[in-house]
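Here the structure comes first, spelled out in structure tokens, and everything after it is commentary.
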Amino acid sequence: MTLADERLKALDKPSLTESDRVLIRCRVAADLIHKGQYEAAREALGELWSGIGQRPPASNLPLAVDAEVLLQCGTLTGWLGSVRNVSGAQEQAKDMLSEAERKFRTQGMLSKVSEAQYEFGICYWRLGAHDEARVTMQEALKLLTDADIELKAKILIRRTLVEVWDNRYYEALSILKEAEPVFKSGNDALKGRWHGQMALVLIRLALVEGNTEYADRAIIEFEAAIFHYEQAGHERYCALNLNNLAMTLYKLGRYREAHEHLDRAQFIFTRLRDAGNLAQVDETRARVLVAEKKYREADRIIAGVIKTFEAGGESALLADALSVQGVVWARLGGFDGSINVLKRAIDVAQQSGALTQAGQAALTLIEEHGATWRLAESELAKVYQRANEFLKDTQDAEDIKRLRACALTVIKRLWGMQIHDPNFSFYGAIHELEARLIEQALELEGGSVTRAAKRLGMKRQTFAQMLTMRHKHLFDKRTPPERRLKSIVKKDA
């Protein structure tokens with residue numbers, strides 16, 4: 001019998017009121033959610049749980065008790081919706097959490113208001129709306145007192161996760177150092193969270209500063225996090241840190257070790273039937289396979305990852321997966337498909353507010369296709385401008401390095417092919433000049449093929465053939481051809 005089962009046995013006491021029984025179920029469920037045991041939490045809620053995104057059944061409970069039920073059902077909806085990739089689950093979770101917050105506020109229960117805001121912020125984070133997540137969690141912290149140690153620790157950890165996703169590593173490190181005393185006095189679960197988050201920050205700083213000592217410390221911190229989560233019985237979070245450790249080893253070029261940790265994480269998530277986190281493990285594995293130049297295998301894996309993230313509506317994760325697919329397709333020679341999927345990655349990330357992911361996808365588009373005629377010069381410049389705007393506040397050394405390299409790519413393209421270039425060819429230079437003149441003519445003539453051909457002094461048919469056969473990447477710059485009506489008058493035989 002588990003501790004949760006023992007606590008639920010108290011429901012059999014005849015002296016308990018209905019409110020007492022509901023609160024016991026909510027407290028057991030909250031503890032199980034914190035441990036990542038979402039299916040067990042659903043069972044602990046019993047008749048209070050109507051399903052993902054469903055409001056709990058109507059009741060005559062006191063306002064504070066009703067708010068607690070909404071809080072736990074909203075929280076579990078957010079986590080189960082993420083694990084199972086249920087479309088719309090985060091918005092439904094936010095609705096319940098918002099209602100719970102209002103009811104707690106009317107009762108003057110400020111720590112519970114803070115808890116509801118914290119869970120609300122996590123929903124924002126899952127959706128990729130990082131600015132909203134940051135603001136919401138900052139507001140949640142303002143309501144806490146010195147007695148709210150565990151809740152404060154949870155919020156601080158989530159705040160650092162938002163900062164890491166936005167490449168604001170020094171802000172994350174500052175938060176973690178400030179919060180260290182809180183976690184040192186906590187249980188194994190809290191210690192695991194602190195060590196895991198510190199590891200994430202340290203590995204990013206290792207790349208920012210080129211500091212191998214940070215990288216070594218990050219690996220130690222990940223191993224400490226895994227140990228504490230194992231002690232606490234938090235399998236799901238143990239697996240999450242195995243995935244993060246694998247990503248770290250991949251960045252350090254230690255691919256074999258990365259696969260070993262991914263195998264362990266995959267085993268745990270498969271047993272837990274956690275499709276969402278299993279997809280994140282697969283996405284990490286696809287990155288490792290790309291680094292190993294095993295593109296066919298990576299292509300197979302990333303296709304399944306995208307399908308999972310599309311179903312769940314987690315835009316930031318979807319954008320990252322689409323970027324990986326764009327790289328894979330480019331390396332396999334599927335250039336048009338690669339360009340389209342990378343453009344989609346940019347749009348998906350931007351629309352959700354995940355600007356860092358949008359900027360990284362834009363850089364990937366330039367890296368894979370910017371040096372060739374596959375992207376028109378004007379479009380290439382616009383893609384770089386978007387990347388630069390999206391990443392204007394980044395502290396990530398890798399992103400900054402990529403921005404500079406992509407700027408050089410754009411400059412070289414705008415200069416045109418030079419005879420001293422390593423890959424110079426006479427016909428390549430002619431092809432590039434031809435594309436530039438066709439693009440300019442189409443832009444000056446509003447996309448009209450007829451007028452663009454006349455401006456260049458050639459027949460419309462010749463211009464259209466060049467556009468169709470040699471410069472397909474410029475095809476969308478033309479206005480759609482008008483359909484010619486067939487004559488209804490029969491010609492004489």
Run through all the Cα pairs of the range 94-217 and give the fraction in each 10 Å bin from 0, expressed as whole percent.
14, 40, 33, 11, 3, 0
Return the calculated 222 nm mean residue ellipticity for the chain, to the nearest 500 deg cm²/dmol, obtained by summing -39500 (n - 2.57) across DSSP H runs with n ≥ 4 and dividing by the residue count.
-24500 deg cm²/dmol
Euclidean distance between Cα centres, the range 130-202 to the range 49-118, Å
22 Å
For the chain, the helices passing both cut-offs (Cα extent along own axis of 18 Å or more, Kyte-Doolittle mean at least 1.6, full DSSP H runs) are none
Links that overshoot a 24 Å alpha carbon limit, given the list Lys9/Lys112; Lys154/Lys401; Lys251/Lys293; Lys35/Lys94; Lys152/Lys184
Lys9/Lys112; Lys154/Lys401
Placing one identical point scatterer on every Cα of the range 189-322 and ignoring solvent, what is log10 I(q)/I(0) from the Debye formula at q = 0.11, 0.13, 0.22 Å⁻¹?
-0.38, -0.54, -1.34
Semi-axes of the equivalent ellipsoid of the range 76-140: what are they in whole Å, largest first, if each equals the square root of 5 times a C-alpha gyration tensor eigenvalue?
21, 14, 8
For the chain: Kirkwood Rh in Å [reciprocal of mean 1/r, alpha carbons]:
25.4 Å
Stokes-Einstein at 20 °C, 1.002 mPa s, Kirkwood radius from Cα pairs: D for the range 263-316 in µm² s⁻¹?
188 µm²/s
Round to the nearest 0.05 the FRET efficiency obtained for Arg300 and Leu63 when R0 = 60 Å and r is the Cβ-Cβ distance.
0.70
Length-normalised contact order of the range 7-157, Cα under 8 Å, at least 6 apart, in percent, tallies to 15 percent
What's the Cα-based Rg to Rh of the range 1-144, Rh via Kirkwood?
0.97
Mean shadow area (nm²) of the C-alpha convex hull around the range 1-78 is 5.0 nm²
Distribution of pairwise C-alpha distances over the range 154-223, 5 Å bins, in %
3, 19, 30, 26, 15, 5, 1
Based on alpha-carbon atoms only, what is the radius of gyration of the range 291-366 relative to the globular estimate 2.2 N^0.38 Å?
1.01
Expressed in nanometres to one decimal, the distance between label points 7 Å along Cα→Cβ at Glu443 and Thr106 is 5.9 nm
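Bear in mind these aren't lab numbers, they're just calculated from the coordinates by the rules spelled out. Model, not experiment: these values are computed from the prediction. Here Cβ is always computed from backbone atoms with ideal geometry, including for glycine, and neighbour counts include all displayed protein chains.
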